[in-house]
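The values are calculated or read from the model by the stated rules, or taken from the named source; none is laboratory data. Quantities reported herein were computed from a predicted structural model and do not represent experimental measurements. All Cβ positions, glycine included, derive from the backbone under ideal geometry; neighbour counts span all protein chains shown. Please note that ligands, DNA and RNA were not included when accessible areas were found on the heavy atoms of the full protein model with its side chains. Shrake-Rupley method; radii C 1.70, N 1.55, O 1.52, S 1.80 Å.
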Amino acid sequence: DTGVSQDPRHKITKRGQNVTFRCDPISEHNRLYWYRQTLGQGPEFLTYFQNEAQLEKSRLLSDRFSAERPKGSFSTLEIQRTEQGDSAMYLCASSLATGGVGNEQFFGPGTRLTVL
Amino acid sequence: DAKTTQPNSMESNEEEPVHLPCNHSTISGTDYIHWYRQLPSQGPEYVIHGLTSNVNNRMASLAIAEDRKSSTLILHRATLRDAAVYYCILRPLIQGAQKLVFGQGTRLTINP
């Protein structure tokens, strides 16, 4: 399969626990993005990487959130001390950096987080 | 970020054309118009994009008004698999403008 994959697909945790999600982009894509989507809303941008460099972070990404892409391939998103408001679908996307604005982003199926 | 306005929902019948409108009155000269759609329980997928001229691809057509303040995504012959939320997004052509800014989109229902 050559699409974007995310693991796990579902995660249920208790408030205060830490969780980590993984995203594997399409293999030749050097840009990787994280978005969050709550019920009935469109996805909201969290952060993006070009290779291993994190180039932009949204104000939504509080200090409890951290994302890494250590070797410029897969990425992890960690949420520390989860809160009920963190319950959402976390989406990962990847794209090629070939210049221009037309580069489409390819999305994974998402990780649905439920914080009890 | 430039804002887009779309109807919350639309309904159409299978095998009929569907015209999904998007208003973007504050669009700047270097903003591209992108459309993505999100099928149930899936991540969004790219549909089409354009700048000034109308565009066609295998999925859809994009008609852009002459003043660029509005656009219409056209599905020529809707199928049940086209039932999704459709997002109209403006992407500025500036260095570093990589993120997609989604609104609430239009939920399209297709009746058999």
Among residues belonging to the stretch A:87-111 that are of a type in the set (S, T, Y) and modelled with pLDDT of 90 or more, point out the one that is farthest from A:D7 (Cα to Cα). A:S95
Any residue at all in the stretch B:60-71 that is open to solvent by 10 Å² or more (accessible area, probe 1.4 Å) and closer than 30 Å to A:S5 by Cβ? no
Residues of the stretch B:45-56 being touching a Lys or Arg at 6+ places or on another chain (Cβ under 7 Å), in contact (Cβ under 8 Å) with a residue 12 or more places away in the chain and facing another protein chain (nearest Cβ under 10 Å), which ones? B:V47
Considering the stretch A:35-48, residues that are more than 10 Å from every other protein chain (Cβ to nearest Cβ) and modelled with pLDDT of 95 or more, and then whichever is least open to solvent (accessible area, probe 1.4 Å), we arrive at A:R36
Any hit, the stretch A:57-68, residues being of a type in the set (S, T, Y), within 17 Å of A:P109 (Cα to Cα) and touching a strand residue (DSSP E or B) at 6+ places or on another chain (Cβ under 8 Å): no
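Yes/no matrix, rows are residues, columns are (1) over 16 Å from A:Q105 (Cβ atoms); (2) within 14 Å of chain A (Cβ to nearest Cβ); (3) out of contact with any Gly (no Cβ under 7 Å at 6 or more places or on another chain); (4) not β-branched (V, I, T):
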| site | (1), (2), (3), (4) |
| --- | --- |
| B:T5 | yes, yes, yes, no |
| B:S9 | yes, yes, yes, yes |
| B:E14 | yes, no, yes, yes |
| B:N23 | yes, no, yes, yes |
| B:T26 | yes, no, yes, no |
| B:I33 | no, yes, no, no |
| B:M59 | no, yes, yes, yes |
Pick from the stretch B:74-89 the residues that are more than 14 Å from every other protein chain (Cβ to nearest Cβ) and assigned to a strand (DSSP E or B): which of them is surrounded by the fewest Cβ atoms within 10 Å (Cβ to Cβ)? B:I74
Output the qualifying pairs, or none if there are none: Cβ atoms under 9 angstrom, residues six or more apart or on different chains, first residue in the stretch B:1-30 and without any contact (Cβ under 8 Å) to a residue 60 or more places away in the chain and open to solvent by 70 Å² or more (accessible area, probe 1.4 Å), second residue among the hydroxyl-bearing types (S, T, Y) and outside any strand (DSSP E or B). B:N23/B:T4
Which listed residue, of A:F74, A:F65, A:F107, is within 14 Å of another protein chain (Cβ to nearest Cβ) and crowded, with 16+ Cβ neighbours inside 10 Å: A:F107
Within the stretch B:78-102, how many residues turn out to be more than 16 Å from B:H49 (Cβ to Cβ) and modelled with pLDDT of 90 or more? 8
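For (1) in contact with a strand residue (DSSP E or B) (Cβ under 6 Å, 6 or more places away or on another chain); (2) not in a strand (DSSP E or B), each residue gets a yes or a no:
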{"site": "B:S12", "(1), (2)": "yes, no"}
{"site": "B:E15", "(1), (2)": "no, yes"}
{"site": "B:S28", "(1), (2)": "no, yes"}
{"site": "B:Y36", "(1), (2)": "yes, no"}
{"site": "B:S53", "(1), (2)": "no, yes"}
{"site": "B:M59", "(1), (2)": "yes, yes"}
{"site": "B:T72", "(1), (2)": "yes, no"}
{"site": "B:R91", "(1), (2)": "yes, no"}
{"site": "B:Q104", "(1), (2)": "no, yes"}
Search result, residues across the stretch A:88-104 that are in contact (Cβ under 8 Å) with a residue 40 or more places away in the chain and open to solvent by 40 Å² or more (accessible area, probe 1.4 Å): A:L96
Scan of the stretch A:1-33 for residues that are closer than 22 Å to B:E45 by Cβ, out of contact with any Phe, Trp or Tyr (no Cβ under 7 Å at 6 or more places or on another chain) and in a strand (DSSP E or B), ordered by number: A:S5, A:D7, A:H10
